[in-house]
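Peer 1: Quick one: the structure is below, and I'll ask about it shortly.
The values are calculated or read from the model by the stated rules, or taken from the named source; none is laboratory data. Here the structure is a predicted model, which is why all the values come from computation and not from measurement. Each accessible area value is taken on the protein alone, full model and side chains, heavy atoms only, with ligands, DNA and RNA left out. Shrake-Rupley method; radii C 1.70, N 1.55, O 1.52, S 1.80 Å.
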Amino acid sequence: QGDPYAQYNLAKMLEAGQGIPQDDVAAIGWYRRAAEQGQANAQFSLGEMYLDGVGVEQDVVVAYAWIYLVVKGGVEAAGSVLEDMELELGSEQIEQARRLGEDYLRQYGGGE
């Protein structure tokens, strides 16, 4: 019914196979729905799945952009993930990821 917290919880259950068959691809879809409504946990989880290439093709730029939203929303602990990523990314990738993160911020808001 559009509740981002319920969508996030369903995604977690699908990712873990908790009470339902494990399905990373379906989890991505539910994380995305919740993330696009500003749900910080979903934004972070979606970023992690892109970072690890779980349920989606690995894309470190998209991963960074989703996690960037969480940091911009005030979850300072997520900043350490971005710092770790920056050690592995080139300056062009970081710049591209931040631009995409700013686009996401305008579209979806920083997670809370």
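Peer 1: Taking 0.36 nm per residue of sequence separation and subtracting the Cα-Cα distance, how much length would be gained by fully extending the chain between Asp103 and Tyr5, in nm to one decimal?
Peer 2: Here the segment from Asp103 to Tyr5 would lengthen by 33.0 nm.
Peer 1: How large is the accessible surface of Ser91 in square angstrom, using a 1.4 angstrom probe and rounding to the nearest 10?
Peer 2: Approximately 100 Å² of Ser91 is accessible to the 1.4 Å probe.
Peer 1: A further question on this structure: How big is D, in µm² s⁻¹, for the chain by Stokes-Einstein at 20 °C and 1.002 mPa s if Rh is the Kirkwood radius over C-alpha pairs?
Peer 2: 156
Peer 1: Same structure again: Computing the accessible area with a 1.4 Å probe over protein heavy atoms, can you report the carbon and sulfur percentage for the chain?
Peer 2: 46
Peer 1: If I take every Cα pair under 8 Å that is 6 or more residues apart in the chain, average their sequence separation and divide by the length, what percent do I get for the relative contact order?
Peer 2: Numbers: 182 pairs, mean separation 27.0, N = 112.
About 24 percent, as a whole number.
Peer 1: I would also like to ask the following. Return one whole number: the accessible area per residue of the chain in Å², for a 1.4 Å probe.
Peer 2: Working: 6160 Å² over 112 residues.
Per residue, the chain has 55 Å² of solvent-accessible surface.
Peer 1: When the chain is modelled as a GNM with alpha-carbon springs shorter than 10 Å, which of Ala34, Ala26, Ala11 fluctuates the most?
Peer 2: Among Ala34, Ala26, Ala11, the largest GNM mean-square fluctuation belongs to Ala26.
Peer 1: What angle do you read, to the nearest 10 degrees and between 0 and 90, between the alpha-carbon axis of helix 24-35 and the longest principal axis of the chain?
Peer 2: Long axis of 24-35 versus the principal axis of the chain: about 70 degrees.
Peer 1: Just Gly38, Gly19, Gly55 to compare: in a GNM of the chain, with alpha carbon springs under 10 Å, which one fluctuates most?
Peer 2: Largest GNM mean-square fluctuation: Gly19.
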